[in-house]
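Colleague: Here it is, the structure in full.
What follows is calculated from the coordinates using simple rules that are stated; it is not laboratory data. As the structure is a prediction and not an experimental result, all values here were calculated from the model. Counting neighbours? That spans all protein chains shown, and the Cβs are built from the backbone with ideal geometry, glycine included.
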Amino acid sequence: MTTYHFPKEFLWGVSSSSSQYEGGYDKDGKGLTVGDVITGGNKHTTRKITWHYKNDTEKHYSEVGGFWGALSVPEDGIPDVFDDEFYPSHDATKGYEYAFEDLEALHELGVSSYRMSISWARIFPNGDDETPNEAGLNFYRRFFEKCKEYKIQPVVTLFHYDMPLAITLKYGGWKNRKVIDLYERYARTVMNEFKGLVTYWITFNEINSVTVEAFKNAGMLSEEESDRWQAAHNELLASAKVVKAAHEIDPENKVGCMVAYTIGYAKTCDPLDQWEQYVHAREYNFYLTVQCLGQYPSYKLKEYEQKQLHMDIQEEDFEIFKEGCVDFISFSYYATGVISKKEMDAGNLMGPPNPFLKRTAWGWSIDPKGLRLTLNQIYDIYHKPLMIVENGLGSVDVVDDDGKVHDPYRIEYLQAHIDEIHKAIVEDGVDVIGYNLWANVDFTSLGTGEVKKRYGLIYVDINDERQGDFHRIKKDSYYWYKEFIEGVK
Ligand code: BG6
């Protein structure tokens, strides 16, 4: 039996995202988001964007997702909602309706933090509206007030794969520098509104997916490499400006960046594999270096130059990066990969499986030790407090004959990861400030678009055939986490 020595103020929590949780996609003045035009899918069928041409109602599909975001909506295509299609985000798992009931369950669970996101389109339905939507502000305000009463710290992400669709249509998404100002206005609005209620903010969820997820993250129909990197540059600039604004608005504010940190192990000691592995790590460290150190790595500037990308980078941008360094680093951690130059050259971009690790039903490796490694690697370079804001197991969970959901595999997964965090703190001295597991309740998987891949501590009665009434059942893992938190507090 391990005796735990977590810091007293450690944030134990759970995590969610507006587009996967809330539903109510057109309620109370909310505008459409990019997620609202993406269909469901599963392990074998990729999710699609539905769209039409101007002055034409014929429906077309383009694939979204895929390793490099395989996108083929023409620049004059208009992504839109069609009545005969199923879009998971429209109902999601009805968080907009169940928010307070679910919060009650979190209170009972004993968490000290709840990492969630605000939907930009609930506040500014078109992204560039003159005034914010009061109904959207009220919804979140009431929610944060209740969090305060329950002593649950909201850790609020401002942008989690849910850009207002109008920004895509009018501005072309994040490749356009004008979007930086729109985002800053949105961020300032909510930070002013929720001053005193929210102090932990995260500027962008998985910012390092921006060049991969052209539509879902960057809100773009363009696949041009220059545009992708311009979008990355613009999101980084927007993040820096918002960090600065947050500190001006309330010196108590703590702002974090957030990356998907998926380390890859070199398959062999062949220097070619080692180099490839290094380059892989550099890709996500690029985002951390800009956001934590305010420096723009030389290798990235060289890459832009060598690829002859046409980008709008201004001298003053570098000053803004320096002034907008984050207070903490947050990241998602689910799995690790394997890097093999030979196999990647042969077309296996995902890399080979790791023979030392078990995998989930969706093929993701299960690697608790990799989390300790990740924490150490990040801390060694950046020396900033670290917060895990996503970690969990996607699995098929079923309601048993006794009406309960028994998920010992999830408990095993979470326990093993928490043990490695503990070692990173007590044996390695890493400053870890929180753990927010994915997820509070079941959602539709972002990648595959199915509910079958469940992550929640709380089961939601809905399936991929849309049968069920959304009622909640606390899983065994919920009771295990409750007991665990009580034990370590
Ligand atoms: C992260 C995202 O990439 O992974 C979440 O921030 C997502 O939104 C999570 O749900 C798990 O991925 P998936 O595809 O299994 O839902």
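Colleague: Compute the length gained on full extension between Ala346 and Thr2: take 0.36 nm times their separation in residues and subtract their Cα-Cα distance, giving the result in nm to one decimal.
Modeller: 119.3 nm
Colleague: May I pose another question? Among Lys146/Lys404; Lys8/Lys241; Lys216/Lys404; Lys151/Lys482, which pairs are too far apart, with a Cα-Cα distance over 26 Å?
Modeller: Table pairs above 26 Å Cα-Cα are Lys146/Lys404; Lys8/Lys241; Lys216/Lys404.
Colleague: What is the local net charge at Arg410, summed over the other residues whose Cβ is closer than 11 Å to its Cβ (Lys, Arg +1; Asp, Glu -1)?
Modeller: Net charge in that neighbourhood comes out at -2.
Colleague: Return the calculated 222 nm mean residue ellipticity for the chain, to the nearest 500 deg cm²/dmol, obtained by summing -39500 (n - 2.57) across DSSP H runs with n ≥ 4 and dividing by the residue count.
Modeller: Calculated from helices alone, the mean residue ellipticity at 222 nm is -11500 deg cm²/dmol.
Colleague: For Asp401 and Asp380, what is the calculated FRET efficiency with R₀ set at 45 Å and r taken between the beta-carbons, to the nearest 0.05?
Modeller: 0.35
Colleague: Further, regarding this structure: Neighbouring Cβ atoms within 10 Å as the yardstick, rank Ile123, Ile49 fewest first.
Modeller: Ascending Cβ contact count within 10 Å gives the list Ile49, Ile123.
Colleague: Could you run the Karplus curve 6.51 cos²θ - 1.76 cosθ + 1.60 with θ = phi - 60° over segment 317-324 and give me ³J(HN,Hα) per residue in whole Hz, x for Gly and Pro?
Modeller: 4, 5, 5, 4, 4, 5, 7, x
Colleague: If you filter segment 58-130 for trypsin sites (Lys or Arg not before Pro), then keep DSSP loop positions with at most 14 other Cβ within 10 Å, what is left?
Modeller: Here the sparse-neighbourhood loop sites are Lys59.
Colleague: Let me ask something additional. Counting other Cβ atoms within 10 Å of each Cβ, which GluC sites (Glu not before Pro) in segment 252-318 have at most 12 and sit in a DSSP loop?
Modeller: Hits after loop and neighbour filter: Glu252.
Colleague: How long is the gain from Lys148 to Asp26 if the chain were fully straight, where each residue apart is worth 0.36 nm and the alpha carbon distance is subtracted?
Modeller: Gain on stretching Lys148 to Asp26: 41.2 nm.
Colleague: Quick one: plug the Kirkwood hydrodynamic radius of the chain (C-alpha pairs) into Stokes-Einstein at 4 °C, 1.567 mPa s, and report D in µm²/s.
Modeller: Estimated via Stokes-Einstein, D reaches 57 µm²/s.
Colleague: Write down the percent of antiparallel bridges among all DSSP beta bridges whose residues are both part of the chain, to the nearest 5.
Modeller: 30 percent
Colleague: Something else: Pulled fully out, how much extra length does the chain show between Glu303 and Glu130, if you take 0.36 nm times their separation in residues and subtract their Cα-Cα distance?
Modeller: 58.4 nm
Colleague: While we're here: For segment 296-417, with only Lys/Arg (+1) and Asp/Glu (-1) charged at the beta-carbon, what is the dipole magnitude about the Cα centre, in debye rounded to 20?
Modeller: Dipole about the Cα centre, nearest 20: 640 debye.
Colleague: Show log10 I(q)/I(0) for segment 372-418 at q = 0.13, 0.15, 0.19, 0.20 Å⁻¹, two decimals, from a solvent-free Debye sum over equal Cα scatterers.
Modeller: Rounded to two decimals, the profile gives -0.47, -0.57, -0.73, -0.77.
Colleague: Can you list the aspartates and glutamates whose alpha carbon sits under 12 Å from that of Lys267, skipping same-chain ones fewer than 8 residues off?
Modeller: Filter leaves Glu276, Glu343.
Colleague: Related question: Under unit Cβ charges (Lys, Arg +1; Asp, Glu -1), what dipole magnitude, rounded to 20 debye, does segment 87-221 have relative to its Cα centre?
Modeller: Charge dipole of segment 87-221: 440 debye, to the nearest 20.
Colleague: Give the order of Ile378, Ile473 when sorted by the count of other beta carbons within 10 angstrom, beginning with the fewest.
Modeller: Ranked by crowding around the Cβ, least crowded first: Ile473, Ile378.
Colleague: Can you compute the radius of gyration and Dmax for segment 189-339, using only the Cα atoms, both in Å?
Modeller: 16.6, 55
Colleague: Rank the residues Cys257, Cys147 as a footprinting-exposure proxy: fewest other Cβ atoms within 10 Å of their Cβ go first.
Modeller: Lowest count first: Cys147, Cys257.
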